[in-house]
Amino acid sequence: MTEETDLLKRIIQGETKLFRILVEKYKDISLTVAYSLLKDKEEAEDVVQDSFLKAFRELPRFQFQSTFKSWLYRIVVNTSYHALEKRKIRRSYIIDERIESGVPSSETGYGRVLGNERKSAIRQVLSNMKTNEALVIQLYYLGEQSLNEIVEITGMSLSNVKVTLHRGRKNFGDQLRNLMGQELDDLL
Amino acid sequence: MNEKVVRELMKESLLRTSEDFTENLMERVEGKPVTYDLSAKVKILLGASLMVLLVVPLIWFRLAATDGNFTFHFFIPFILFVSILINRYMRLNEAQQTV
């Protein structure tokens, strides 16, 4: 029995305070995944809160057939899609507001928040990528999910995940190279 | 771009939640009492519904008593009316809980 399985069983048996450990472990990656879909940090944080709550309530039904991490990310992705559906109309209004105010959309994302040039460049690239590509590469590299786990989380086919991952990695590299130039070549 | 570089770069894309994220979540998880602050509008609606629930049946009953056909003039409409009110109340309650 892994440490995490043991922890999950203890939470299910009533030691609810231990849920905090899982929250601390997965909250940041969950937020990043939700953000890749929603492009709004505040909303992404609300979605992640709701996702953790759903996971907590459904924990007694967790079958241990996948890892808790995969299961949680699936909830995060589904909840994010649900939130996207709800605010489709509002989203176009927000974009219009940005255009009217003259604020470039990249500056309303988290690139502005951190002030670190490389981080800003990376996040700007991710913001500009296709949603599916950004989501798949973040689940793969950040979330350390296998291809089959990504299939479970996103509902995409295995071949689609492979193609999306390949394209996402290529686009990520190309766009980052355009932005960072020499600094990226020094890294490689 | 090789896998290792992508992985390292992706780590820099990691967002951080706000400071009180975990505390807020754990309060909800541990079921600390959440107080529902019903708006004035909702209170008026509920109050009015209760008033109607008490007054209307009395009027109906009085009217029904004039021709003696209680089933048609009173009981059936009353049951329908109460069902509608209960349904509305439950929907309102559900909407408040999801906020």
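The values are calculated or read from the model by the stated rules, or taken from the named source; none is laboratory data. Keep in mind that what you see is a predicted model, and the values were worked out from it rather than measured. Ideal geometry is used to build each Cβ from the backbone, glycine not excepted, and the neighbour counts take in all protein chains shown. In case anyone asks, the SASA skips ligands and DNA or RNA and just uses the protein heavy atoms, side chains included. Shrake-Rupley method; radii C 1.70, N 1.55, O 1.52, S 1.80 Å.
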Checklist line | Lone qualifier among A:Ser80, A:Ser36 - being under 27 Å from B:Lys11 (Cβ atoms), at the interface with chain B (Cβ under 10 Å from one of its Cβ atoms), open to solvent by less than 20 Å² (accessible area, probe 1.4 Å) and not charged (D, E, K, R) | finding: A:Ser36
Next item on the list: Could you tell me whether any residue of the range B:84-92 is among the aromatic types (Phe, Trp, Tyr), more than 22 Å from the chain's Cα centre (by Cα) and either open to solvent by less than 100 Å² (accessible area, probe 1.4 Å) or modelled with pLDDT of 70 or more (or both)?
Entry: no
Notebook entry, point to check: Are any residues in the range A:147-161 surrounded by fewer than 21 Cβ atoms within 10 Å (Cβ to Cβ) and either in contact with a Gly (Cβ under 8 Å, 6 or more places away or on another chain) or more than 14 Å from every other protein chain (Cβ to nearest Cβ) (or both), and if so, which ones?
Noted result: A:Asn148, A:Val151, A:Glu152, A:Gly155, A:Met156, A:Ser157, A:Leu158, A:Ser159, A:Asn160
Next item on the list: Find all pairs meeting these conditions: Cβ atoms under 9 angstrom apart; at least six residues apart or on different chains; first residue within the range A:167-181 and over 14 Å from A:Arg118 (Cβ atoms); second residue open to solvent by 80 Å² or more (accessible area, probe 1.4 Å) and part of a loop (DSSP other than H, G, I, E, B).
Entry: A:Arg167/A:Lys130; A:Gly168/A:Lys130; A:Asn171/A:Lys130
Next item on the list: Look through A:Ile11, A:Ile21 and report the one residue that is open to solvent by 30 Å² or more (accessible area, probe 1.4 Å), among the aliphatic types (A, V, I, L, M) and assigned to a helix (DSSP H, G or I).
Entry: A:Ile21
Notebook entry, point to check: If you check every pair at least six apart or on different chains, which have Cβ atoms under 6 Å apart with a residue in the range A:18-33 that is on the phi > 0 side of the Ramachandran plot first and a residue that is at pLDDT 95 or above second?
Noted result: none
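Per-residue answers, yes or no, for (1) surrounded by fewer than 21 Cβ atoms within 10 Å (Cβ to Cβ); (2) out of contact with any helix residue (DSSP H, G or I) (no Cβ under 8 Å at 6 or more places or on another chain); (3) of a type in the set (Gly, Ala, Ser); (4) closer than 22 Å to A:Glu149 by Cβ:
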residue	(1), (2), (3), (4)
A:Lys17	yes, no, no, no
A:Asp28	yes, yes, no, yes
A:Glu45	no, no, no, no
A:Thr67	yes, no, no, yes
